[in-house]
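For reference, the structure is listed below as structure tokens.
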Ligand code: UGA
């Protein structure tokens, strides 16, 4: 069976390369020539653990192209284009999806199955079908197959997921998708078949629920500050109740990334559009905004005046394991500190280049490949903003002993078990 994937973004690349590793012939199509050239050289343009190795091992099953007509040989086409947040309305912007529909339509063969993997508002598949059916005379099929990949563990999440969700209207589509995922299902994934609208909505519901857990634990963490209570102990105690579960209860500077913030806003808009008011979604958005403000206030409390302070920032990515800085709390915090006149030395293990590009015209920020180099002798405050485990190797006790005016604020509780010092502050 031949697969085509439209969009070589995070979801398209991980899915396409992993399908190739399952033995399918896969064409990945993207307009971005630079990206396609890199992929043809065997280089993955983003950092994703293990993905480049799988690409190299399965090169014979993969074809990368900028030409959409490649879809003419495909039995199944996965649409994995971006659905970014519209900056004015907060809604998911579907222009890339609509464009993809118009572009593939002339090349579809009889019985092609078109599957939307992008995160899309419920009923999007209906509109997508209308665009295709307007210009296609042959019979084609449609399905929804939302993706639950986490950046940094996308390969594992694709090959060993807890569940695979497909939204279908007929047996033909179900059987095709079941065949494509057969090896993954055999590895233990639950295969859930539902209608297309429920599949579409399940993705927003899942992301928003996870974000709600994070926002909730961060609110409890705010309260812990006031009461001098231990947030890690509370997370553990809550998590041991299997009705609650241990995951997504790690307090931090607020959730970020390319998915949670965008999807929550989209769900909020979908609810509004369908006159089903969503109190919880609104509260989560507010709580996350407040959380970052709260963290900034703590930085101020710990540091005193920010003006001319030498601050070393460890971590810029929105979480560990990725080079992604989109909606990263770390980036937001750095921006605010720069505005207040701080002088910043910044480090990240993977996101340094993206951050350099982002802060291109900014003065008062320097970037370091090595975390120790970012901690200069005159550093007055170290901020840990991303939970890279490698930071634990740094001898912070020694740094605190050598520099008596140094303070550390760990917004990820990464060093809590490793550093005991009055000038070390955690959540
Ligand atoms: C998220 C979902 O977890 C995936 O299932 C989904 O497929 C993906 O969005 C998507 O829609 O494509 P991702 O954005 O990679 O994945 O990041 P997460 O690991 O979910 O973390 C999101 C944010 O929550 C990060 O800022 C992270 O630091 C924060 N977080 C997470 C916490 O602060 N505490 C936690 O306990 C967990």
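Just so it is clear, none of the values below were taken in a lab; they were calculated from the coordinates. None of these values were measured; they are calculated from a predicted model. For neighbour counting, all protein chains shown are included, and Cβ atoms are generated from backbone atoms with ideal geometry for every residue, glycine included.
On the beta carbon distance between residue 376 and residue 422, with R0 = 35 Å, the FRET formula returns roughly 0.95.
For the range 70-191, what does the alpha-carbon gyration tensor say about shape, rounded, prolate or oblate, given a ≥ b ≥ c as the root eigenvalues, a/c under 1.5 as rounded, and a/b over b/c as prolate? Cα axes put the range 70-191 in the oblate bin. Per-residue extension of 0.36 nm, minus the Cα-Cα distance of residue 139 and residue 163, leaves a gain of 5.7 nm for this segment. Dividing the helix sum by the residues of the chain, where each DSSP H run of 4 or more adds -39500 (n - 2.57), gives a mean residue ellipticity at 222 nm of -13000 deg cm²/dmol. The relative contact order of the range 138-245, computed from alpha carbon pairs under 8 Å that lie at least 6 residues apart in sequence, is 24 percent.
Fully extending the segment from residue 220 to residue 233 would add 3.5 nm, taking 0.36 nm per residue of separation and subtracting the current Cα-Cα distance. Label the chain by shape, choosing from rounded, prolate and oblate, from the square roots a ≥ b ≥ c of the eigenvalues of the Cα gyration tensor; if a/c is under 1.5 it is rounded, and otherwise prolate applies when a/b is larger than b/c, oblate when it is not. Here the chain falls in the prolate category. Shape class of the range 189-246 from the Cα gyration tensor (axes a ≥ b ≥ c, square roots of the eigenvalues): oblate, since a/c reaches 1.5 or more and a/b does not exceed b/c.
Run through the DSSP bridge list for the range 112-248 and note the antiparallel percent, rounded to the nearest 5. Close to 20 percent. Summarising the label geometry, the points placed 7 Å from Cα in the beta-carbon direction at residue 276 and residue 59 lie 4.9 nm from one another. The label-point distance for residue 389 and residue 194, in a model that sets each label 7 Å from Cα toward Cβ, rounds to 3.3 nm.
Full extension of the chain between residue 209 and residue 49 gives 55.0 nm of extra length, using 0.36 nm per residue less the Cα-Cα distance.
Give me the percent of DSSP beta bridges within the range 1-158 that run antiparallel, rounded to the nearest 5. Expressed as a percentage, antiparallel bridges in the range 1-158 total about 5.
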